[in-house]
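To start, the structure itself, in structure tokens.
The values are calculated or read from the model by the stated rules, or taken from the named source; none is laboratory data. These numbers come from a predicted model, not from an experiment. Don't worry about glycine lacking a Cβ; one is built from the backbone with ideal geometry, like all the others, and counts go over all protein chains shown. The area values use the complete protein model at the heavy-atom level, side chains included, leaving out ligands, DNA and RNA. Shrake-Rupley method; radii C 1.70, N 1.55, O 1.52, S 1.80 Å.
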Amino acid sequence: MKSEIRNSKSAIRNSLPIGIFDSGVGGLTVYRALHERLPDEHFVYLGDTARVPYGTKSLATVERYATENARFLESHGIKLLVVACNTASALALPAIRDAVSVDVVGVIHPGARAAVESSNGKRIGVIGTEATVQSEAYRRSISSLDPAAVVIERACPLFVSLAEEGWAETEVARSVAEHYLRDLRKSDLGALVLGCTHYPILRGVISDAVGRDIPLIDSGDATADEVQSLLEIRGLSRPRAPNADRVRLVCDDLDHFYVTDAAQRFAKVAERFLGAAPTVLEAVEVWGHDELRTY
Ligand code: DGL
């Protein structure tokens, strides 16, 4: 009897969605990577579009926003939380882990590990928001894996707007990338980490600017690997549904999307990033959710 109750409790827990949050729309690149890698899982995504960008804000503010987002998602019933935002992962992971009781995966460590693995002992470049670069979170994470690694970090703030405007393939994007990455091109890099949610959208111009032979590390892909193994280790994977022949499309009605403002703009940019707008999209307020928490 006891083991039946235990089995049905774990079946309910395993069928819960994976929570993902970002400061806005950029985390959809991480959602796409997770969706591709884990087609049986369901996702609930929160984009804090009312308070984006995080990349220019202070540690205290990013911690506050990030913990509010995490609690909001936990109060909606999730089995695991992915912090898709590099800035929130770099600045606020300890605060987020203190705020919720589910496992939390950030994008920094998986990205750092993938970079160390592909760099062949050569220098590792990291590009991200001002806050991510200032935090030196990637440098610390890379050093913990390879103390001899040389890390060069650069902030590339304009890339975020270029991606959201749909200007990824334009001459403007090309010249901004050349300007930001000129010195990295001369640095004989073994790998370059795309340390911001939006940068995979600009992969083409970034690769041209830094040198096409330099491996680009997409933290989203690396994080999907980490989430997949964590689900397996914890026995948290969602069982395959009997009608699993249904093809899972990004943004279908099994994945739920929340934003804190401007849902229409989110849908438009989502279409640009993923080729589809969310089927289920709702505008919400995320602050004041402490009282909704269930332990
Ligand atoms: N999501 C942020 C990141 O990955 C970029 C946008 C922002 O500054 O909030 O760092």
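Only one entry of LEU230, LEU184 meets the criterion of being in contact (Cβ under 8 Å) with a residue 40 or more places away in the chain, surrounded by 21 or more Cβ atoms within 10 Å (Cβ to Cβ) and not β-branched (Val, Ile, Thr), and that entry is LEU184. For the range 31-58, the set of residues classified as assigned to a helix (DSSP H, G or I) and either without any contact (Cβ under 8 Å) to a residue 60 or more places away in the chain or open to solvent by less than 60 Å² (accessible area, probe 1.4 Å) (or both) consists of TYR31, ALA33, LEU34, HIS35, listed by residue number. With respect to the conditions (1) in contact (Cβ under 8 Å) with a residue 60 or more places away in the chain; (2) more than 12 Å from the ligand (Cβ to nearest atom); (3) more than 13 Å from SER219 (Cα to Cα); (4) buried (at least 24 other Cβ atoms within 10 Å of the Cβ), GLY121 falls short on a single one, namely (4). Across the range 91-115, the number of residues qualifying as of a type outside the set (Asp, Glu), more than 14 Å from the ligand (Cβ to nearest atom) and touching a strand residue (DSSP E or B) at 6+ places or on another chain (Cβ under 7 Å) comes to 8. Condition check: near the ligand (Cβ under 10 Å from one of its atoms) and either aliphatic (A, V, I, L, M) or within 24 Å of VAL133 (Cα to Cα) (or both). Does THR29 satisfy that? Answer is yes for this residue.
Only a single item in (1) over 22 Å from ALA267 (Cβ atoms); (2) assigned to a helix (DSSP H, G or I); (3) out of contact with any Asp or Glu (no Cβ under 7 Å at 6 or more places or on another chain); (4) more than 16 Å from the ligand (Cβ to nearest atom) is not met by ALA88, and it is number (4). For TYR65, the conditions (1) within 10 Å of the ligand (Cβ to nearest atom); (2) closer than 24 Å to ILE233 by Cβ all hold with the exception of (2). Evaluation of HIS76 against the conditions (1) more than 9 Å from the ligand (Cβ to nearest atom); (2) of a type outside the set (D, E, K, R); (3) at pLDDT 95 or above; (4) farther than 20 Å from ALA267 by Cα shows that the sole unmet condition is (3).
Only a single criterion out of (1) surrounded by 24 or more Cβ atoms within 10 Å (Cβ to Cβ); (2) more than 13 Å from the chain's Cα centre (by Cα); (3) over 23 Å from SER237 (Cα atoms) is not satisfied by ALA70, namely (3).
Listed by position, the helices (runs of 4 or more DSSP H) contained in the range 111-218 that have at least 1 residues being within 16 Å of VAL30 (Cβ to Cβ) and among the aliphatic types (A, V, I, L, M) are 158-165. Taking first residues from the range 150-179 that are within 16 Å of the ligand (Cβ to nearest atom) and open to solvent by 70 Å² or more (accessible area, probe 1.4 Å) and partners that are modelled with pLDDT of 95 or more and outside any helix (DSSP H, G or I), the Cβ contacts under 6 Å between residues at least 6 apart in sequence or on separate chains come to ARG154/ILE127.
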